[in-house]
Amino acid sequence: MKLASYACNRWIDAAADAQPIPSAIDGTTIALASSGDVDFAAMAAHARTRGTRSLRRLTFQGRAALLKKLAQYLSDHKAPLYDLSAQTGATRRDSAIDIDGGIGTLFVYAGMGRRELPDTNMLIDGPQLSLSRNGSFVGRHVETPIDGIAVHVNAYNFPCWGMLEKLAPAFLAGVPCIVKPATQTAYLTEAMVRLIVASGLLPEGALQLVCGRLGDLFDHMTGQDLVSFTGSLETSLVLRNHPAIAANATRFIAERDSLNAAILGPDVAPGSPEFDIFVREVVREMTVKAGQKCTAIRRILVPAAQADAVADAIVQKLSRVVVGDPRAEGVTMGPLVGLGQRDDVRRRIDALLAEAEIVFGDPENPTAQGADPAAGGYLPPILLRARDPKRATALHRVEAFGPVSTLVAYDDLDDAITLARRGEGSLVATAVTYDPAVAGDLVFGIASYHGRLHLVDRDSAAESTGHGSPLPGLVHGGPGRAGGGEEMGGLRGLHHYLQRTALQGSPALLSRLTGHWNKGAPEVTGNAHPFRRGFDALALGETIHTAPRTVTLADIEHFAQFTGDTFYAHMDDEAARANPFFPGRVAHGYLLLSFAAGLFVDPAPGPVLANYGLDSLRFMKPVLPDDAIAVRLTVKQKSPRNADYG
Ligand code: NAP
C-alpha cells in the first residue's frame, strides 16, 4: 500500500523515495510513505483561502451539525479500520480506544457545539464592562476564529483518536487543519482520512493530510496559525524553536513525555478494596496499548510498609498477561509498534536499571503467542523497583514508552508528594485512598504539577473512567515536562483556535455587533406582544414594559399556605425584623417570579412553546407588602436550535 497525502483536493501518492513501514506483528512491510511530491506552500495557501472561506461560511452551529454527521458516518464505516489497527500492534480493546474513542470525541464535541455555541462566528467572553459615568461607552471581550491554519503533528500511538481529538475543536472553531500523523502508523490515519473525504461532509480545504515528512511547511507559518504537537520532548524542542514559529509567535501547543504517578494512600493495606483497585489500575495501565500511552503509569508510589505486598500482587496479575499477535485467541497484550521502538524501550530500561532492579519480566527474552517474538515488537510487561528511592533520579526523567513501570517506596505522605513532584509536570496522577484528609493533602500537594488528578476509592471505582483515559469534557495536558499544553477540556479546547479581542464602543453598537443586547442599548418597540411573534420576527432589544401589580399581605399569606413555604421572613414580622436583610415581612422571591409571569405572559396558544429555565436569577432587594412590581421583558439574545425553533 502506497500511502498518499491529501493536499489541495487531491490524493498525492508516496514519492519514489518512499520508506517502508513495517507491521508491528511480524515486521512485513505494510505501507510505503513519502510526502516528497507534496507542494507545501500550495497546501498552506489552499487551507488559508479555500479552507478558511468554506469554514467561515458556516457558523459554530453549522459546523457542529456537520461534525455530528461526520461522527455518524465514521461510526457506520469503521469496521475495516480494525484490521489495519491490529497491524499497529493493537488488540481489539486497544483499537476500540483509538477508533471508537476518537469517533466518540467527535460526537461529544458536536453535542457541546449544538447545545452551547451560537449560530454566529463570534463568541462572547464575559460580561459587558461599564467604562464611563453615563454608560455611553462600554467594553466587551469577544473571540473570533484565527485567520490561519492548524497544523497537527501527532504521535504514533493513537493514529485515529490523536487526529480526531485535535480536529474536533479546530473544526468547530472554524480553522482548517493540516494533519501529520507519525509515519509508523500513518496507514491507519490515512484510511480514516479517506473515509472522511469519501463522506463528502467536510467543506473544501478544511482537512489536508501529510503522510511522511512536513517538508518546508513550517517556513510558511504565520502569527495567525497554530501548531499542536504530540510526541517526544526532543521533537517538540525542534519544532517549537523553528525560526518561523519563534519569529511569528505562532501558537504552539505541546503534549509530550510524562512520568505519570499512581499513589497508594498510607491508609491503604492489603485486603482493603482500595488495595485491589490500585493493583488493577497499575496493571491495566502497564498493558493497555502495551504501555504506549502518554498517560500510562510510570511511577508506582506506595508506602514502604506495603511495597512488598504491592509488588507481589502486581506480579501475580502480570504473570497472567498473554503477549502475542493481537489477533490471536487469548492474547491480552500486543507488540510495541516496531523493533525500533522495542530497542528504544530496552535502552531506557537499561538506564533505569542503574537505580532499580527487575521484579518481573525479561526484556531480552520475549515470547509471543501466535507470532515470532523476534519479528515483531514483542516485550513482556516489566516491573522495576527503585533501590534507593531518595537518591534515584532516572525514574523521574526517563520515559520507557512501553509496558514498563517502576515501584517506588515512600516514607510518609510528604515524601510521596515530593516524589510525585519530581516528575516535573505530568498529564495525570492517580491517588487511591479512602481517607479524605490524605486525598486533600495530595491534591494540594501535587495539583499544580498535573493536568488531571484521578482520585479513586471503593465508592467510585466501579464507574471510574480510569487513570489513562483522557475525556473530551476534561482537560488533557500537563505543565512542565508534559509540554505545558492543554487540549480538550470541553469548549476550553476551542479557545486555542480563537483570538480574544476587547471591543470598546457604545452599548448600541456592541449589542448590534455581538448579537447580545445589553443595558444602555436602545430598546426596540415591537408592533405586537412578543408572545404573538415568531422567533424570526423578534428583534434584538425588543422590549415590553408591563403594568405594575401591587403585592399584598394576603398574597404573601396565600402563597405561603398554598406552597408550604412559611419561612419566618414571610410570616413573622418580629423575626423578619431581627434578620439583617429585612425591614419586616417580605414577599417570597418565587412569588415575585410567579407574578412576573402573570404580568408578561400572553396566554393564548401561539409561537411560544416553553420556558426551559432562567439563568442568573437573583433576589436582590426585598419587596414589602403593598409594594408594586412591574416587568421589563427584553429579547437579549437569540439562539436558533434548528429550522423550527430556538
Ligand atoms: P516523536 O518521535 O516525537 O514524533 C512525533 C511526531 O513528530 C511524529 O508525527 C513525527 O513524524 C513528527 N516529527 C518528528 N520529527 C519531526 C521534524 N523534524 N519535523 C516535523 N515533524 C517531526 O514521538 P512518537 O515516537 O511518535 O511518540 C512517542 C512520544 O510521544 C512519547 O514520548 C510519548 O510520551 C509522547 N506522547 C505524548 C502524548 C501526550 O498527549 N502528552 C500523547 C502520545 C504520545 P515521523 O513519524 O514522520 O517522524
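The values are calculated or read from the model by the stated rules, or taken from the named source; none is laboratory data. A quick note: this is a predicted structure, and the numbers were derived from the prediction, not measured. Note that each Cβ is placed from the backbone with ideal geometry, even for glycine, and that neighbours are counted across all protein chains shown. Side chains are part of the model used for accessible areas, which takes the heavy atoms of the whole protein and leaves out ligands, DNA and RNA. Shrake-Rupley method; radii C 1.70, N 1.55, O 1.52, S 1.80 Å.
Structure values in brief
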{"read-out": "Matching residues in segment 199-237 - criterion: being among the acidic types (Asp, Glu) and over 22 Å from GLY36 (Cβ atoms)", "value": "GLU204, ASP225, GLU234"}
{"read-out": "Filter pass, PHE567 being away from the ligand (no atom under 16 Å from the Cβ), free of Cβ contacts under 8 Å to residues at least 24 places away in the same chain and either open to solvent by 60 Å² or more (accessible area, probe 1.4 Å) or outside the structural domain of GLU399 (by TED's automatic domain parsing) (or both)", "value": "yes"}
{"read-out": "Residue count, segment 213-254 (criterion: away from the ligand (no atom under 11 Å from the Cβ) and within 21 Å of LEU164 (Cα to Cα))", "value": "4"}
{"read-out": "Number of the condition not met by ALA569 [criteria: (1) under 30 Å from GLY135 (Cβ atoms); (2) part of a helix (DSSP H, G or I)]", "value": "(1)"}
{"read-out": "All positions within segment 75-121 that are modelled with pLDDT under 95 and either assigned to a loop (DSSP other than H, G, I, E, B) or touching a His at 6+ places or on another chain (Cβ under 6 Å) (or both)", "value": "LEU117, PRO118, ASP119, THR120, ASN121"}
{"read-out": "Total residues in segment 367-396, condition part of a strand (DSSP E or B) and open to solvent by 20 Å² or more (accessible area, probe 1.4 Å)", "value": "2"}
{"read-out": "Hits in segment 459-471 - residues which are farther than 20 Å from VAL268 by Cβ, more than 14 Å from the ligand (Cβ to nearest atom) and touching a helix residue (DSSP H, G or I) at 6+ places or on another chain (Cβ under 6 Å)", "value": "none"}
{"read-out": "Residue list for segment 461-496, filter: buried (at least 19 other Cβ atoms within 10 Å of the Cβ), among the basic types (Lys, Arg) and farther than 15 Å from PHE229 by Cβ", "value": "none"}
{"read-out": "Any hit, segment 451-458, residues being of a type outside the set (A, V, I, L, M, F, W, C), surrounded by 16 or more Cβ atoms within 10 Å (Cβ to Cβ), within 14 Å of the ligand (Cβ to nearest atom) and closer than 16 Å to LEU164 by Cα", "value": "no"}
{"read-out": "Those residues of segment 311-330 which are β-branched (Val, Ile, Thr) and touching a residue at least 60 places away in the same chain (Cβ under 8 Å), in sequence order", "value": "ILE314, VAL315, VAL321"}
{"read-out": "Of the criteria (1) open to solvent by less than 40 Å² (accessible area, probe 1.4 Å); (2) assigned to a loop (DSSP other than H, G, I, E, B), which one VAL193 fails", "value": "(2)"}
{"read-out": "Matching residues, segment 75-106, being out of contact with any strand residue (DSSP E or B) (no Cβ under 8 Å at 6 or more places or on another chain), open to solvent by less than 30 Å² (accessible area, probe 1.4 Å) and either of a type in the set (Val, Ile, Thr) or closer than 19 Å to THR287 by Cβ (or both)", "value": "SER85, ALA86, THR88, ALA90, ASP94, SER95, ASP98, ILE99, GLY101, ILE103"}
{"read-out": "GLY425 vs. criteria within 15 Å of the ligand (Cβ to nearest atom), open to solvent by less than 10 Å² (accessible area, probe 1.4 Å) and on the phi > 0 side of the Ramachandran plot", "value": "yes"}
{"read-out": "Per-region count, segment 289-331, residues more than 23 Å from ASP267 (Cα to Cα) and within 16 Å of the ligand (Cβ to nearest atom)", "value": "8"}
{"read-out": "Subset tally (residues that are open to solvent by less than 100 Å² (accessible area, probe 1.4 Å) and either in contact with a Cys (Cβ under 7 Å, 6 or more places away or on another chain) or closer than 15 Å to VAL586 by Cα (or both)) for segment 610-626", "value": "4"}
{"read-out": "Selection from segment 145-179 of residues that are over 20 Å from the mean Cα position of the chain (by Cα) and open to solvent by 10 Å² or more (accessible area, probe 1.4 Å)", "value": "ASP147"}
{"read-out": "Breaking point among (1) open to solvent by 10 Å² or more (accessible area, probe 1.4 Å); (2) within 30 Å of PRO80 (Cα to Cα); (3) touching a residue at least 12 places away in the same chain (Cβ under 8 Å), for GLY135", "value": "(2)"}
{"read-out": "Among the residues listed as SER228, SER232, the single one being touching a Lys or Arg at 6+ places or on another chain (Cβ under 9 Å) and open to solvent by 10 Å² or more (accessible area, probe 1.4 Å)", "value": "SER232"}
{"read-out": "Helices (runs of 4 or more DSSP H) lying entirely in segment 210-310 (those with 1 or more residues that are free of Cβ contacts under 8 Å to residues at least 60 places away in the same chain, on the phi < 0 side of the Ramachandran plot and assigned by TED's automatic domain parsing to the domain that holds PRO145)", "value": "233-240, 243-248"}
